[in-house]
Amino acid sequence: MIESDPVLVDANSADIFLGRNPILDIRGKIVAYEMLFRSKESLNNHTDDDDLATSSNIIINAMSHFGLESVLGDVDGFIPVSEKMLVSNTIDLLPPRRIVLELIDFSRFSDDAIERLQSLKRKGFRFAVEWFNFSTANEKITPLLDFIKVNLALTMADGGSLILNQLSQPNFQELVAEIRKKSPALAIFASHVQSEADFDLCKDLGIKLFQGEYFSQPTLLKGKKPKAEQLSLIQVIGLLFKDSDIASIEPYFKNSPDLTLGLLRLVNSVGIGGHMQISSVRQALVVLGQKQLLQWMMLLVYTQAGSKLNTDLQQRVVNRAKFLELLSQQNNVAQPGISDQAFMVGMLSLINQVTDLSLEEVLAQIPLAEQLQNGLLHREGLFGQLLNLADAIEAVNFDEMESIRKILGLTAEQITNIQIQAIQWSNELNSQINRAKS
């Protein structure tokens, strides 16, 4: 598969953790990432500026050492900024056409900060705010805004303080109507979308940007039988794990032309075997070998899925598989042959989200070693810890990232460096796959 280029993060950024929250459109396509950074110091001291991820040092290091394309690929980035950062020169390092600045506590901005906003707007920056500060916004700020972020998990208590509670449907509809009456041009961005009912309500109200747990949940329906093609894929994966010969594998493809076409398009979408075009399953087995064909077959499970989660999930699984593979190569963790296993664990960890089977049912058909099974099903052992770290990163849970980092004996620098390498690799692979689909 695609080789990854090492990315070096110097000592100044060694204590930075990186988090990305995908932002999706109504089709489930990733259109932006909310970029979040934390330093180890902020995790220990919990100072306001650091907890808001707006420290100038963090952003400077992120831009200098990571590179925007490495973190974002070809989509935009949302970055939270406080007034302190806004009036600094740090913002000038960011490319205006690619960045949306999320304004923190903007209702308290000084006149100098408002002048700075107006200047940045002229340069092409866009601005987003949380809805619960919107009603108290300075009249000079409101016309500058492009996005308003509505958190469906927050509502207002009678006393005016925020409490954790799912926003009720009537309240949400009233809130959206109020926002549109005050600022019709603002794009509403719904975060913490937790269920299909949330998603449907948002769509009915004309909201077109989303973020939340719903887009990372399995689509398993009880009692629903898996498609024949899904079963064939899982059975072939099981045979490849057993090192079965070509004669045992080929019949599955001969009985499923769609499966054959999907595999060939996928494999030919990237430069395999010196850019030769592979035209048959037998040739794929000979050229790729069973180990690499196994990787492609597992990826095919995700690229063939017609799920609402397809784009996001495909990106996630490729990224986490490479992340686990690279993590397992670090000196504190490395064991003979473990990196290939770690890649497989990453690929299999989300497979229940595109099949109509539970993870237990899928793994029952695949002869995995006991430590891999335990890692996937029970989060035990090294593979369990690697998966826990991947989960913490995807959930942008910096405290959990720090806790697991200590258990694994890795530094924040190592983890962030590996994240960037995995992101670069998965961005390139997914762009090639998507070109092949179009």
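The values are calculated or read from the model by the stated rules, or taken from the named source; none is laboratory data. As the structure is a prediction and not an experimental result, all values here were calculated from the model. Ideal geometry is used to build each Cβ from the backbone, glycine not excepted, and the neighbour counts take in all protein chains shown. Heads up: the accessible areas ignore ligands, DNA and RNA and are worked out on the full protein's heavy atoms, side chains in. Shrake-Rupley method; radii C 1.70, N 1.55, O 1.52, S 1.80 Å.
Using 0.36 nm per residue, how much length does the chain from VAL287 to ASP74 gain when fully extended, once their Cα-Cα distance is taken away? Present the calculation step by step, with values, prior to reporting the outcome.
Numbers: separation 213, 0.36 × 213 = 76.68 nm, distance 3.17 nm.
Result for the pair: 73.5 nm of gain on full extension.
Ordered by packing density, taken as the mean number of other Cβ atoms within 10 Å over each peptide's residues, highest first, how do 252-262, 349-359, 69-79 rank?
Working: 252-262: 15.4, 349-359: 20.3, 69-79: 17.4.
In decreasing order of mean packing, 252-262, 349-359, 69-79 become 349-359, 69-79, 252-262.
Using alpha-carbon pairs under 8 Å, 6+ residues apart, how would you state the relative contact order of the stretch 373-438 in percent? Kindly include the intermediate steps, with their values, before the conclusion.
Numbers: 30 pairs, mean separation 9.9, N = 66.
Worked out over the stretch 373-438, it gives 15 percent.
Counting only other residues whose beta carbon sits under 9 Å from that of ILE104, what net charge do I get with K and R as +1, D and E as -1? Write out the running numbers ahead of the final one.
Working: positive: none; negative: GLU83, GLU102, ASP105, GLU130.
Counting the neighbours of ILE104, the net charge comes to -4.
Counting only protein chains, not ligands or nucleic acids, how are VAL100, VAL87 ordered by accessible area (probe 1.4 Å), most first? Could you put the intermediate results ahead of the total?
Details: VAL100 0, VAL87 75 Å².
Ranking VAL100, VAL87 by accessible area, largest first, yields VAL87, VAL100.
In nm, give the distance between the simple-model label positions of ARG180 and ALA395, each being 7 Å from the Cα along the Cα-to-Cβ direction.
Between ARG180 and ALA395, the label points sit 3.5 nm apart.
Give the carbon-plus-sulfur fraction of the accessible surface of the stretch 286-425 in %, rounded to a whole number; probe 1.4 Å, heavy atoms of protein chains only. Spell out each step's value before the answer.
Working: 2010 of 4670 Å².
Heavy-atom surface of the stretch 286-425 belonging to carbon and sulfur, 1.4 Å probe: 43 percent.
Could you give the length gained on full extension between SER431 and GLN169, defined as 0.36 nm per residue of separation minus the Cα-Cα distance, in nm? Display every interim value, and only then the final one.
Details: separation 262, 0.36 × 262 = 94.32 nm, distance 3.79 nm.
My answer for the length gained is 90.5 nm.
Starting from the 7 Å offset along Cα-to-Cβ, what nm value, one decimal, do you get for the label separation of ASP112 and GLU370?
Rounded to a tenth, the inter-label distance reads 6.6 nm.
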